[in-house]
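All remarks here apply to the structure that follows.
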Amino acid sequence: MTLQQLHYVVALDNYRHFVKAAESCFVAQPTLTLQVKKLEDEIGLVIFDRSSKPLTPTYQGEKFILKARQIIREVEGLKEMVNDDRQSLTGICKIGIIPTLSPYLIPLFLKSFSDAHPDLQLEINEMQSDDILANLDNGKLDIGMLVVPTQQRNIREVKLFSEPFMYYADEKNKLLHQSKLFPEDLDEKGLWLLDQGHCFRDQVLNICNRLEKTSAENRIKFKTGSLETLKKMILSHTGYTLLPELSVTSNDEKYVKKFENPQPARQIGLAVHKSFTKELLLKNLRDAILEVVPSHFHKTKEFITVKWR
């Protein structure tokens, strides 16, 4: 059994196609096929069911692949640790970020960060929180940007900032015009939410802790994963929602209201597998983000962190 064979197995699991997996490993397809078959013969285990379309791992094969990913991750970490050129950022970094953060945060720092590290290739994907955590665990992602804490034993978190929630409603909404706003003022009538699966949805329900989740389900007539769509639906119809502050633009000013201190907020952080060793990358990424977000996000202490799970 060789490390290269493990790389072939992982690539085949990623692409579920011999030709595409071979291309990703920069080898000919017959070479990859032969090496995977030699590995299966050596360990006496069929890793992939070749009769299925697309190709799928067997039950025992899934366990083998998971262990192979762990081994590759540990070896890569060992290489990083002994690398004489630890002060340079090179290679590929795969990042997963939640959809309610991505369009508002990524444009703020991506260009300057990329320009500062021209030898680093970033691959960024929008994913829901549970998918990010799963992909960090199996090695398909290097870094996650999401709401913390995640409460995952194998995940290490680096806190970035607290992002306040803001009240967003149509102009006729009475809470929009009252002098002070507190979470307990929120009424279940007219609440708009994101579709299930978004951690932001669960946080909104946690802020509106007087609202029963069952009744919230009955109120949903329109499903969306976009905060911008929620805004448009509220302005064209009626009702309200809660927005993270980064998503609020100058065009939204007359439709939003801040909560009184301590404001409800979500804690945003970087998440990596505990075997992750590229500390310089984490530090530089964190510094680049903190440089562009509003200073009160990481300086004020007048926040109440809202959990999402």
Among (1) within 17 Å of the chain's Cα centre (by Cα); (2) of a type in the set (A, V, I, L, M, F, W, C); (3) more than 29 Å from residue 249 (Cβ to Cβ), which single condition is residue 145 missing? (3)
Among (1) at pLDDT below 90; (2) loosely packed, with under 13 Cβ neighbours inside 10 Å; (3) touching a strand residue (DSSP E or B) at 6+ places or on another chain (Cβ under 7 Å), residue 123 falls short only on (1)
Considering only residues that are over 21 Å from residue 284 (Cβ atoms), assigned to a loop (DSSP other than H, G, I, E, B) and either of a type in the set (A, V, I, L, M) or assigned by TED's automatic domain parsing to the domain that holds residue 97 (or both), which ones fall in region 136-175? 138, 139, 140, 149, 150, 151, 152, 153, 154
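Restricting to region 85-130, count the residues that are among the aliphatic types (A, V, I, L, M) and touching a residue at least 60 places away in the same chain (Cβ under 8 Å).
Number satisfying all stated conditions: 7.
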With the condition kept exactly as written, say whether any residue in region 262-285 is outside any strand (DSSP E or B) and over 28 Å from residue 130 (Cα atoms). yes
Under 6 Å by Cβ, and 6 or more places apart or on different chains, what pairs join a residue from region 284-309 that is small (Gly, Ala, Ser) with one that is at pLDDT 90 or above and in a loop (DSSP other than H, G, I, E, B)? none
Residue within region 119-135 that is outside any loop (DSSP other than H, G, I, E, B) and closer than 24 Å to residue 296 by Cα present: no
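Residue by residue through region 226-250, note down the ones that are outside any helix (DSSP H, G or I) and in contact with a Phe, Trp or Tyr (Cβ under 7 Å, 6 or more places away or on another chain).
239, 240, 241, 242, 243, 244 - these are the residues of region 226-250 that are outside any helix (DSSP H, G or I) and in contact with a Phe, Trp or Tyr (Cβ under 7 Å, 6 or more places away or on another chain).
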Residue ID - surrounded by the most Cβ atoms within 10 Å (Cβ to Cβ), chosen from residues in region 1-60 that are hydroxyl-bearing (Ser, Thr, Tyr) and within 24 Å of residue 75 (Cβ to Cβ): 8
Write out, first by first residue and then by second, each pair whose Cβ atoms fall under 6 Å of each other, whose residues are 6+ apart or on separate chains, and whose first residue, in region 47-74, is over 11 Å from residue 10 (Cα atoms) and free of Cβ contacts under 8 Å to residues at least 40 places away in the same chain while the second is assigned to a strand (DSSP E or B) and hydroxyl-bearing (Ser, Thr, Tyr). 49/56
Regarding residue 53, is this residue more than 14 Å from residue 139 (Cα to Cα) and either of a type in the set (D, E, K, R) or part of a helix (DSSP H, G or I) (or both)? yes
Here is a list of conditions, (1) within 15 Å of residue 272 (Cβ to Cβ); (2) outside any strand (DSSP E or B); (3) modelled with pLDDT of 90 or more, and residue 103 meets all of them except one; can you say which number that is? (1)
From the list 253, 291, which one is surrounded by fewer than 15 Cβ atoms within 10 Å (Cβ to Cβ) and either in a strand (DSSP E or B) or touching a Ser or Thr at 6+ places or on another chain (Cβ under 9 Å) (or both)? 291
Could you check, for region 258-270, whether at least one of its residues is surrounded by 14 or more Cβ atoms within 10 Å (Cβ to Cβ) and of a type in the set (D, E, K, R)? yes
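The values are calculated or read from the model by the stated rules, or taken from the named source; none is laboratory data. In this text, all values refer to a predicted model and were calculated from it rather than measured experimentally. Quick reminder, even Gly has a Cβ in these numbers, built from the backbone with ideal geometry, and neighbours come from all protein chains shown.
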